[in-house]
Amino acid sequence: MCAHLRRSIQDTEELETALLKKTREINSLSSIALFPLKGSAVKGILKSPIKTEVMKTTHRFHHSLSPSKNLFSYLKNGVCAGIFAGFTAYKASLTTSKKYLNAGTSLSLGSADLSMDAKVVPMLNGKFDPHLELRAEAQAALAEVKAFGSIGNTFIHADAEGKVGVGVATGEAKAVINKEEISLKAEGSVAALRGEVKGSFTIFGITIEATGSGEVGALGGGVEFSSKSGEFTIGGKASLVAGLGFKIKVKYN
């Protein structure tokens with residue numbers, strides 16, 4: 001009777017060992033099916049160090065004015081000037097880069113950015129061909145989370161981005177006018193909660209990029225149009241308490 005009991009226990013242990021082995025095999029196959037780029041890409045994200053920044057300020061100023069330039073040089077090459085200023089109370093970021101995969105995420109608390117650029121070019125190739133470019137942008141947020149991912153190779157690939165901000169205020173103005181491009185944009189809003197998702201797909205040299213945004217507790221609006229060689233962009237947004245915005249951009253050869 002004892003021998004029979006020992007044999008039953010041994011059979012049970014062998015059956016349990018076999019089941020555990022099969023379970024590991026199934027898990028391994030599932031990982032390969034779900035992550036064709038191998039589990040190392042996912043492990044790489046987890047093992048990547050977290051980069052932190054505290055009370056970081058950034059400022060830049062540029063211009064094309066120089067004592068060595070004469071009037072003809074300014075007529076030919078134009079004049080440009082710009083400024084950027086930024087501040088972040090706290091930021092933590094995590095990124096990874098593999099052969100076919102790039103991904104990352106970041107958290108920012110108490111951030112603000114301001115940038116302004118202007119450029120005027122009266123002549124091009126020795127002929128009167130005025131080019132005007134004005135840009136101004138400002139943004140502030142109590143908190144913001146961003147994430148991005150890119151997968152694929154040179155021939156075919158896809159990209160995705162997403163971000164969510166709390167207590168966000170933005171303003172943007174843009175005007176580019178010349179023979180090859182006309183771009184006009186004006187937008188401004190304040191939102192208690194704002195989210196944005198962006199995705200793009202490239203195949204045979206044509207890229208289609210779509211951006212969608214949503215706001216809650218918001219007031220603002222905007223419109224955008226751009227047309228130049230090799231691409232065009234259209235978009236718009238209207239917000240009153242809650243609203244949606246969109247932008248479609250197509251690049252082609």
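Below are the figures for this structure:
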quantity	calculated
Matching entry among Ala112, Ala81 (being outside the structural domain of Gly195 (by the TED database), over 23 Å from the mean Cα position of the chain (by Cα) and in contact (Cβ under 8 Å) with a residue 24 or more places away in the chain)	Ala81
Unmet criterion (only one of (1) open to solvent by 40 Å² or more (accessible area, probe 1.4 Å); (2) at positive phi) for Gly152	(1)
Pair list, Cβ < 6 Å and 6+ apart or interchain, from the range 201-215 residues that are touching a residue at least 12 places away in the same chain (Cβ under 8 Å) and among the hydrophobic types (A, V, I, L, M, F, W, C) to residues that are open to solvent by less than 50 Å² (accessible area, probe 1.4 Å) and part of a loop (DSSP other than H, G, I, E, B)	none
Matching residues in the range 233-244 - criterion: being surrounded by 13 or more Cβ atoms within 10 Å (Cβ to Cβ) and either more than 15 Å from Val168 (Cβ to Cβ) or modelled with pLDDT of 85 or more (or both)	Thr233, Ile234, Gly235, Gly236, Ala238
Cβ-Cβ under 6 Å pairs, at least 6 apart or on other chains, the range 181-195 side closer than 19 Å to Glu215 by Cα and open to solvent by less than 30 Å² (accessible area, probe 1.4 Å), far side of a type in the set (Ser, Thr, Tyr) and at pLDDT below 90	Ser189/Ser239
Selected residue [in a strand (DSSP E or B), within 21 Å of the chain's Cα centre (by Cα) and either modelled with pLDDT under 90 or assigned by the TED database to the domain that holds Val121 (or both)] from Lys247, Lys163, Lys198	Lys163
Lone unmet requirement of (1) within 29 Å of Glu161 (Cβ to Cβ); (2) outside any strand (DSSP E or B); (3) of a type in the set (A, V, I, L, M) for Leu65	(1)
Residue in the range 220-231 that is of a type outside the set (Asp, Glu), farther than 25 Å from Gly152 by Cβ, open to solvent by 40 Å² or more (accessible area, probe 1.4 Å) and not in a strand (DSSP E or B) present	yes
Within the range 166-188, tally of residues that are of a type in the set (D, E, K, R) and outside any strand (DSSP E or B)	2
First in the range 125-140 and under 17 Å from Ile177 (Cα atoms), second anywhere and hydroxyl-bearing (Ser, Thr, Tyr) and surrounded by 13 or more Cβ atoms within 10 Å (Cβ to Cβ), Cβ under 8 Å, 6 or more apart	Arg135/Ser115; Ala136/Ser115
Qualifying residue in the range 70-79 (condition: open to solvent by 40 Å² or more (accessible area, probe 1.4 Å), closer than 28 Å to Gly171 by Cα and in a strand (DSSP E or B))	yes
Subset of the range 115-160 [within 30 Å of Ala103 (Cα to Cα) and not in a strand (DSSP E or B)]	Asn153, Thr154, Phe155
The range 98-109, residues that are in contact (Cβ under 8 Å) with a residue 40 or more places away in the chain and open to solvent by less than 30 Å² (accessible area, probe 1.4 Å)	Ala103, Gly104, Ser106
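The values are calculated or read from the model by the stated rules, or taken from the named source; none is laboratory data. If you're wondering where the values come from, they're calculated on a predicted model, not measured in any experiment. Counting neighbours? That spans all protein chains shown, and the Cβs are built from the backbone with ideal geometry, glycine included. SASA here: full protein model, heavy atoms, side chains in, ligands and nucleic acids out. Shrake-Rupley method; radii C 1.70, N 1.55, O 1.52, S 1.80 Å.
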